[in-house]
Each structure stands twice: as C-alpha cells, then as structure tokens.
1. Is it fair to say residue 119 is touching a Ser or Thr at 6+ places or on another chain (Cβ under 8 Å) and at pLDDT 95 or above?
2. Going by the structure shown, is residue 184 at pLDDT below 95 and either out of contact with any Lys or Arg (no Cβ under 9 Å at 6 or more places or on another chain) or surrounded by fewer than 21 Cβ atoms within 10 Å (Cβ to Cβ) (or both)?
3. Give 232, 179 a once-over and let me know the one that is out of contact with any strand residue (DSSP E or B) (no Cβ under 8 Å at 6 or more places or on another chain) and either assigned by TED's automatic domain parsing to the domain that holds residue 135 or among the polar types (S, T, N, Q) (or both).
4. I'm trying to understand the selection: among the residues of segment 224-245, which are touching an Asp or Glu at 6+ places or on another chain (Cβ under 9 Å) and either hydroxyl-bearing (Ser, Thr, Tyr) or not in a loop (DSSP other than H, G, I, E, B) (or both)?
Amino acid sequence: MAGAPDRGTVAVVIPMYNAAETIERTLQSVRAQTYADLDIVVVDDGSGDRGPELVMSVAARDPRVRLVRQGNGGVAEARNHGAALTTAPYLAFVDADDLWAPEKVAAQMALIAGGPPALAYCWFCQIDRRDRVYRPSYRPPSYEGDVRRQLAGENFIGNGSSMLMHREVFDVVGGFDAELRAKGAQGCEDYMFAMAAAQHFPFRCVPRRLVGYRIMRGNMSSDAEKMVRSYELVVERFAREMADYRDEFVDHHRNFLLWHAQRAAMEGARKRAILMMRRLQQDHAFASSSLWLELVGFYIKALLTPRWLKDCVARMGLISRPRYQDGTW
C-alpha cells in the first residue's frame with residue numbers, strides 16, 4: 001500500500017470471524033515466533049462476539065499487532081484486505097483457530113528469504129478444541145520445485161496456515177479467490193491459491209509439523225458438501241490448462257469424497273456419509289460392499305460413543321493426548 005510505513009519483514013494476516021474462543025491462543029503462537037520482525041494484521045470479518053475486544057487487548061501490549069474491520073465478506077476477502085494493508089516483502093496467513101510452532105516463520109524464511117520468488121509450506125498436526133494433537137498416522141510428502149502434477153493429485157499443502165511466500169507470489173496470483181464464497185462454495189480458497197501459485201513459482205517444504213490445524217464442529221472444513229463443491233470449482237478452473245494431469249485430478253476427487261464419507265461415518269453423520277458414498281458411486285463407480293461395511297463399522301462405533309460422552313470425557317481431562325504447544329511434532 002503506497003505510503004504505508006514499514007512495520008515488519010513478514011506480514012502475518014489473520015482472518016477472524018467469531019473466533020473469541022481461540023484467537024488469543026492463535027495470537028500467542030504468532031507473537032512467540034523466534035523470527036520476531038512481524039507485522040501482525042488481524043482482519044475482523046464482521047464478528048458478533050468478543051474477538052475484536054480480545055485482539056485490541058493484545059494489541060495494547062504488543063505494537064506489532066493491529067486490528068482492522070470489514071463487513072462479513074469471507075475468508076478470501078479478509079486475507080486480501082489484510083495483505084493490502086502492509087508493505088512487508090513476505091506474507092504468511094494463519095486462521096484464527098490455528099496455532100504455529102515458535103520456529104515456523106524462521107524455518108520457512110531460511111528457505112526462501114533473499115532468493116527468487118517462491119512459496120514455502122510445512123507439515124501440520126490436526127488438533128482439537130483444547131489444542132490436543134490427534135496423533136499423525138502417516139508421513140506427509142515433501143514435494144518441491146514444480147509441484148503442479150503432485151498438487152493435482154492431492155492437496156498436500158493442507159491449509160492456508162502452512163504457507164509463507166514472497167509478496168510477488170501473492171501479487172501475481174491476484175490474492176485469494178472471493179468468488180468461491182459468492183458461489184456458495186467457500187472452503188477450498190487455500191487449494192485454489194496454491195494451484196494458481198504453482199503455475200508460476202516453485203514450492204519449498206519444511207518437513208516438520210509446524211502448524212496446529214484445528215478440527216472441530218462449526219469450522220469451515222467440517223462442511224462436507226460445501227467443501228466438495230468448492231474443490232470441484234477449483235478443478236473446473238484449472239482442468240483445461242492442466243489437461244495433462246487429468247488422471248491425477250480424477251484420483252484426487254475420488255479420494256476427497258472417500259475421506260469425507262469416512263469422516264462423516266466416524267462422526268455418526270449417517271446422511272452425510274451416505275451422500276458422499278452415493279457421489280463416489282455416481283462419479284467413480286467406487287463404492288464396494290467392503291467399503292460400505294467399513295463405514296457401517298465407523299458409524300456403529302460413533303453411536304456407541306456419543307458426542308455428549310466424548311465432550312464430557314474431554315471436560316474432565318481424561319483424554320491423554322498432549323497439547324500441540326507442549327511438544328515437537
């Protein structure tokens with residue numbers, strides 16, 4: 001933004017909507033970065049809770065933090081608004097319910113600072129409402145360089161909170177696409193941005209789980225139907241210019257539907273699980289009897305351990321999973 005004062009080398013943009021429960025923890029993780037030269041911009045997207053008040057309280061103690069407000073326009077518009085309010089040569093984004101490990105920015109800057117324009121990402125852990133880590137079940141890939149084929153086959157970036165980039169990357173891409181929300185398909189803005197960036201710039205990877213990515217009822221990534229539609233719009237945009245990767249897109253779509261079907265069954269969401277399975281059958285002829293039986297098993301397990309019981313156990317502190325902030329992942 002012309003005439004804006006220099007406030008930090010790395011701008012951290014935090015879109016916030018009704019995140020009073022988590023925003024202080026998110027800000028604490030950002031403020032604790034070992035790379036301290038930060039311009040921390042929280043963009044309130046029309047919240048109706050105490051989130052803005054909590055941010056202003058933090059800003060009164062840390063001059064790197066500032067709050068800006070906008071009417072409710074969605075996560076893409078909020079990120080773009082925040083990026084426009086800073087002159088920092090590097091940009092990073094973190095959602096208002098996610099956490100960063102203290103060395104996250106430093107590790108990514110070590111890869112790309114001073115070099116040609118690039119996007120750095122890192123691995124992540126899934127965490128629950130109380131910051132407890134769901135134990136990772138696999139080792140993620142560490143794709144670097146030209147990642148178009150790999151990104152067509154899987155969203156290995158995973159979320160917007162893992163990315164840090166030269167400002168030129170953001171400017172060439174044109175920011176995050178707010179049209180997904182306008183089409184009722186908010187959710188895959190991160191994937192859309194990564195796909196667009198991969199057309200022009202190399203990617204670098206820090207193979208460490210430096211983001212705590214929160215999974216809980218009510219956050220955007222839990223809305224399966226909207227997420228699937230959002231993903232399909234991303235594919236529609238890039239299918240022509242990436243025609244050589246058609247097989248990768250098909251595999252990704254199938255696995256995306258399957259993951260949402262399995263997750264729905266595990267949550268006891270029978271109708272959602274059936275809907276995803278029908279989409280698998282319709283689009284990929286991929287819904288075997290063994291897969292149905294697997295989902296039935298997940299669903300029965302969910303019924304035997306109802307949500308109210310899980311919440312009660314969590315409140316009593318009987319879950320032994322460690323907090324993200326208390327370990328190295």
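The values are calculated or read from the model by the stated rules, or taken from the named source; none is laboratory data. Treat the numbers as computed from the prediction; the structure is a model and nothing was measured. Counting neighbours? That spans all protein chains shown, and the Cβs are built from the backbone with ideal geometry, glycine included.
1. Criteria not met by residue 119.
2. Working: at pLDDT below 95: yes; either out of contact with any Lys or Arg (no Cβ under 9 Å at 6 or more places or on another chain) or surrounded by fewer than 21 Cβ atoms within 10 Å (Cβ to Cβ) (or both): yes.
Taking the combined requirement at face value, the residue satisfies it.
3. Working: 232 fails: either assigned by TED's automatic domain parsing to the domain that holds residue 135 or among the polar types (S, T, N, Q) (or both).
Going through 232, 179 in turn, just one is out of contact with any strand residue (DSSP E or B) (no Cβ under 8 Å at 6 or more places or on another chain) and either assigned by TED's automatic domain parsing to the domain that holds residue 135 or among the polar types (S, T, N, Q) (or both): 179.
4. Passing the criteria: 230, 233, 234, 237.
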